[in-house]
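First up is the structure itself, then whatever we jot down about it.
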Amino acid sequence: EGEASNSAASAPTASPRARWGRRGAAGWPALCWLAAWTATGVYRAMLWETLAVHAGPAASGTCFVVVLGYWGCLACAALASGFRLCAPPFRAWRWPRAAQLGMAFLIMNDLLGSSVNYFAHRHAGPLLYSVFHSSTVFFVALIAVFWLHARVTAVQWLGVVLVGSGVLATSLPAPLEAQGSFAIGLAAALLANVFHAVQYPIVQRILEACPEGVQQPAAVAVTFWEALFGTALSTTWTFIYTVPHWTEEVYQPILDSPSPSVAWAWYAYVAYAVVEGVHGLAFYKSVQLLGAVPVAVSKGLQQAGAAVAIHIGFCGVDRTQCLDYSHGDATTWDEWQKLVASALSVVGVVVYALGRAREPERCKGVREDEE
């Protein structure tokens, strides 16, 4: 009886990824967080196009949208914690050393990645950028396999390839027309993808670093600390550069935009801060509950959803954002490139979901209420 008790006590807690799809306290919250991450990703792309049409942020060098995004993440983390920012999960100085180092790397990586992302959006445009961004899944899968020793089956690798192949569909045999430079947009997006891809396994490693007797980090705490440093640096830049040049860098681009509207511009700016905050927190919760690779693959749904939503909302205003838009001597393939890229992403997500892999055991002692 004692041996049975000890055996039961030492048995590893089933990971949330092993409970994927079950009706229960672990399965449904994971799906809800993933749905929130996907939906906010689609709406964020819509807001980028709204800003391009009504506020002209591509003409500004302030990175004002990046500043608002950090403030949104900081506010969302504070609200989600009930403003209990001194609670144990927020005490980063008591986290495991691996989690502290991971958090420091995550902050620096995010600052660099956000800056590169801005240039990618500026040159590619929201729709084309969402397709470029789908290649993130390649890098995430490779890093997770070689570093986290995640097990990915052959069927799941096929899903990964399909999701990421949208980039090739937009580039061959001839690149699609971008809002700026296709080459710069693609290069910046791929570089941003590397920065972004590293975040997935780093976050998973931070949230799984839980040796006995050491405070376990929480997803909301990781959101808070990353946003805090980003907010501090970007707000400093705002006061040093943006505020003294407010008229020419923020207000004048609104007047120079394709469809000037101060009301729409400020709606999009405020909405972006809110959506980015929810998007950031949902990302960390999804990785904590499901793991790095499944969340990265599900980004294909964001790419396809953003393409359809932008086509419906902005095709009549900006022809380059239409799914069937072609330039120059139009061919049948030119008109189908974006549709094919979006379809490949959706098919890839479905194929990945159909593949089953045994995940490595997570560390013991993770409390379900923290997951």
Handout entry: Residues of the range 74-107 satisfying the condition of being outside any helix (DSSP H, G or I) and either in contact with a His (Cβ under 7 Å, 6 or more places away or on another chain) or among the hydrophobic types (A, V, I, L, M, F, W, C) (or both)
Key = F83, L85, C86, A87, W95
Fill in the blank from the handout: Matching residues in the range 251-271 (open to solvent by 50 Å² or more (accessible area, probe 1.4 Å) and touching a helix residue (DSSP H, G or I) at 6+ places or on another chain (Cβ under 7 Å)) number 5
Problem - Output for the range 271-289, where each listed residue is closer than 13 Å to Y43 by Cβ and among the aliphatic types (A, V, I, L, M) - result: A271, A273, V274, V275, V278, A282
Practice task
Residue by residue through the range 280-305, note down the ones that are small (G, A, S) and at pLDDT below 90.
Solution key: G291, A292, A296, S298, G300, A304, G305
Exercise for the section: Can you tell me which residue among C315, C322 is within 21 Å of V346 (Cβ to Cβ), among the hydrophobic types (A, V, I, L, M, F, W, C) and open to solvent by 20 Å² or more (accessible area, probe 1.4 Å)? Expected result: C315
Exercise for the section: Confirm whether V308 is of a type in the set (A, V, I, L, M), surrounded by 21 or more Cβ atoms within 10 Å (Cβ to Cβ), in a helix (DSSP H, G or I) and on the phi < 0 side of the Ramachandran plot. Expected result: no
Completion exercise
Flagged in the range 151-195 as modelled with pLDDT of 80 or more, in a helix (DSSP H, G or I) and of a type in the set (V, I, T), in numbering order, are V155, V160, V161
Exercise for the section: Would you please list the contacts, defined by Cβ atoms under 8 Å and residues six or more apart or on different chains, that run from a residue in the range 83-105 that is at pLDDT below 85 to a residue that is of a type in the set (A, V, I, L, M) and open to solvent by 70 Å² or more (accessible area, probe 1.4 Å)? Expected result: none
Practice task
Confirm whether G56 is on the phi > 0 side of the Ramachandran plot, open to solvent by less than 60 Å² (accessible area, probe 1.4 Å) and at pLDDT 75 or above.
Solution key: yes
Handout entry: Check on F239, of a type outside the set (S, T, N, Q), at pLDDT 85 or above, on the phi < 0 side of the Ramachandran plot and under 23 Å from the mean Cα position of the chain (by Cα)
Key = no
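The values are calculated or read from the model by the stated rules, or taken from the named source; none is laboratory data. Please read these numbers as outputs of a predicted model, since none were measured by experiment. FYI the Cβ positions are ideal-geometry reconstructions off the backbone, even for glycines, and counts take in every protein chain you see. We work out accessible area using only protein heavy atoms, side chains counted, and drop any ligands, DNA or RNA first. Shrake-Rupley method; radii C 1.70, N 1.55, O 1.52, S 1.80 Å.
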